[in-house]
Amino acid sequence: MVTVEDVRRFARTLPRSSEHLIRDRVKFRVGKIVYVAFSRDETQMGFGFPKEEREALVAAEPDKFLMPGESDLRFHWVVARMDALDVAEMRELVLEAWRMCVPKKVRLEQQLLTGP
């Protein structure tokens, strides 16, 4: 099972990423754009994800992923159950969410340092 601390350790390594506590919820942002946010009880992790692909993701693994709340449907966002993720999968999801909101130059620099 993945914890907020696991995500925190990884997110701190990503350029321009910052952690914030907003209304008792841990969120990670690049500038003003939130790319990962946790439920108050830290059992769910919302993250940036292409809108056009999220229905397929949720349908493929409904025990792991769910659609965002109605107010977040307009955003590129999906939700994962923390107890269904492993660390490698969490890192991939967080990295891809981060890549969606950083400038292309930063994304390319990070890829050069760590690989694809």
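Determine which member of the set Glu53, Glu42, Glu5 is acidic (Asp, Glu) and within 13 Å of Ala97 (Cβ to Cβ).
After applying the criteria, what remains is Glu53.
Which one is surrounded by the fewest Cβ atoms within 10 Å (Cβ to Cβ), of the residues in the range 65-101 that are assigned to a helix (DSSP H, G or I) and of a type in the set (Val, Ile, Thr)?
Among them, the one singled out is Val87.
Among the residues in the range 25-47, are any more than 15 Å from the chain's Cα centre (by Cα), β-branched (Val, Ile, Thr) and loosely packed, with under 14 Cβ neighbours inside 10 Å?
No: the range 25-47 contains no residue that is more than 15 Å from the chain's Cα centre (by Cα), β-branched (Val, Ile, Thr) and loosely packed, with under 14 Cβ neighbours inside 10 Å.
Every residue, every condition in (1) farther than 18 Å from Asp6 by Cβ; (2) in contact (Cβ under 8 Å) with a residue 12 or more places away in the chain, yes or no:
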site: Gly31; (1), (2): yes, yes
site: Tyr35; (1), (2): no, yes
site: Gln44; (1), (2): no, yes
site: Ala56; (1), (2): yes, no
site: Asp83; (1), (2): no, yes
site: Trp98; (1), (2): no, yes
site: Cys101; (1), (2): yes, yes
site: Arg107; (1), (2): yes, no
site: Gln110; (1), (2): yes, yes
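Bear in mind that the values in this text are calculations on the coordinates, not laboratory data. Predicted, not measured: the structure shown is a model, and the values here were computed from it. Backbone-built Cβ (ideal geometry, glycine too); neighbour counts: all protein chains shown.
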